[in-house]
Amino acid sequence: MRSFTLILIVASFILTSCAKEEKAIELIEKKEIDLQMIDAYEEGMIALDEQDGLIAARKFSEAELLFPQSVWAPRAALMAAYSYYSNEYFSDCIYELERFLKTYPNHPRTDYAYYLLAISYYDQVIDEKKDLESILKSKEYFEFLINNYPNTDYAIDSNFKLELITEILASKEMYLARYYFDKEKWIPSINRFKIIVEKYNDSIFIEEALHRLVEIHYKLGLENEAKKYAYLLGYNYQSSEWYERTYKVFNKNYKPPKVNLKKDKNKQSLIEKIRSKYFNGR
């Protein structure tokens, strides 16, 4: 009986010692992983300072993977996304941000993630005639920010960006309207100019759109319709050069000028013009 008791005591002692050793090993391993994660994060920051976004992103991703339960993990994920953005790897940035929002949906910096997502699409817009998907995606996320985070700086900037996006979408309609106008395809031209009047009446193209509607309707013998648009133009934009041109339309000898669609390589792009006018480099 004494032998059995002694065995139990010794076994208990061994098990306790093993448990303590295992716990100590776990703590050491955890500390080592923690240090590795911090090292990877710091290396990411150094690479970012050196403007090597690709290396920085890899280091931040490594930091997140080393200790996914740490408070540093979501920070590292966001920094990886920003690193890709800083070097204009927009697709990689978008992928990382979408993953961040799925993995850490309740993180306090989700507003920043949505903003960076919107900007990543927005900064891809170069040609208003081709980049429609990026335009619409950025619009969607800017509107989301305004509706869900209205009291943030991100919402304020989103409002500015939405003004520009409105101009870009209006410019696309104007391009098509001018194309049909130049080809004397009056019905599709009317439809495009009407879209500008109805959907983008705060854009810089509204005055020309109203004037062109006067021209076309007059040419088609629809004088009452022409006068309706002339009245709208005069009432809202009396000092406009387009209103002065509208006067000439009702002269029977008037011939509408051709719209020049040829691109001048030395001229600023439409997007550059709008950006410089509205945002002064924002």
Next on the checklist: On the basis of being surrounded by fewer than 19 Cβ atoms within 10 Å (Cβ to Cβ), in contact with a helix residue (DSSP H, G or I) (Cβ under 6 Å, 6 or more places away or on another chain) and over 25 Å from Asp153 (Cα atoms), does Glu43 make the cut?
Outcome noted: yes
Checklist entry - For Gln124, which of the numbered conditions (1) modelled with pLDDT under 95; (2) buried (at least 20 other Cβ atoms within 10 Å of the Cβ) fails to hold? => result (2)
Checklist entry - Is at least one residue of the range 132-142 over 11 Å from the mean Cα position of the chain (by Cα) and in a helix (DSSP H, G or I)? => result yes
Checklist entry - When the range 221-243 is examined, which residues are found to be among the aliphatic types (A, V, I, L, M) and out of contact with any helix residue (DSSP H, G or I) (no Cβ under 6 Å at 6 or more places or on another chain)? => result Leu222
Checklist outcome for this item: Restricting the range 62-96 to residues that are free of Cβ contacts under 8 Å to residues at least 24 places away in the same chain and under 16 Å from the mean Cα position of the chain (by Cα), the one nearest to Asp111 (Cα to Cα) turns out to be Tyr95
Next on the checklist: I'm checking my understanding of the structure. Among residues of the range 57-92 that are of a type outside the set (Ser, Thr, Tyr) and more than 15 Å from Gly44 (Cβ to Cβ), which one is surrounded by the most Cβ atoms within 10 Å (Cβ to Cβ)?
Outcome noted: Phe90
Next on the checklist: Could you tell me how many of the residues in the range 52-82 are outside any helix (DSSP H, G or I) and either touching a Pro at 6+ places or on another chain (Cβ under 7 Å) or modelled with pLDDT of 85 or more (or both)?
Outcome noted: 1
Checklist entry - Only one residue in Ser171, Ser138 is closer than 16 Å to Gln124 by Cβ and small (Gly, Ala, Ser). Which one? => result Ser138
Item to check | Neighbours by Cβ (under 6 Å, 6+ apart or cross-chain): first from the range 198-227, over 21 Å from Lys172 (Cβ atoms); second aromatic (Phe, Trp, Tyr) and assigned to a helix (DSSP H, G or I) | outcome: Val214/Tyr229; Ala226/Tyr218
Checklist outcome for this item: Scanning the range 179-204 for residues that are in a helix (DSSP H, G or I) and within 28 Å of the chain's Cα centre (by Cα), the one surrounded by the fewest Cβ atoms within 10 Å (Cβ to Cβ) turns out to be Glu198
Checklist entry - Within the range 205-268, which helices (runs of 4 or more DSSP H) (wholly inside it) include 2 or more residues that are surrounded by 15 or more Cβ atoms within 10 Å (Cβ to Cβ) and modelled with pLDDT under 90? => result 241-249
Checklist entry - Can you name the number of the only condition in (1) closer than 17 Å to Arg99 by Cβ; (2) among the small types (Gly, Ala, Ser); (3) in contact with a Leu (Cβ under 8 Å, 6 or more places away or on another chain) that Ser86 fails? => result (1)
Checklist entry - Out of the range 93-110, which residues are surrounded by 17 or more Cβ atoms within 10 Å (Cβ to Cβ) and part of a helix (DSSP H, G or I)? => result Cys93, Ile94, Glu96, Leu97, Phe100, Thr110
Next on the checklist: Is it the case, given these coordinates, that Ala170 is at pLDDT 95 or above, out of contact with any His (no Cβ under 9 Å at 6 or more places or on another chain) and either assigned to a helix (DSSP H, G or I) or among the aliphatic types (A, V, I, L, M) (or both)?
Outcome noted: no
Next on the checklist: The conditions are (1) touching a residue at least 40 places away in the same chain (Cβ under 8 Å); (2) surrounded by fewer than 18 Cβ atoms within 10 Å (Cβ to Cβ), and Ala118 fails exactly one of them. Which is it?
Outcome noted: (2)
Checklist entry - Conditions: (1) farther than 30 Å from Lys219 by Cβ; (2) among the hydrophobic types (A, V, I, L, M, F, W, C); (3) in contact (Cβ under 8 Å) with a residue 60 or more places away in the chain. Ala113 meets all but one. Number of the miss? => result (3)
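The values are calculated or read from the model by the stated rules, or taken from the named source; none is laboratory data. Fair warning: this is a prediction, and the values are worked out from it, not measured in the lab. Note that we place each Cβ from the backbone using ideal geometry, even for glycine, and neighbour counts take in every protein chain shown.
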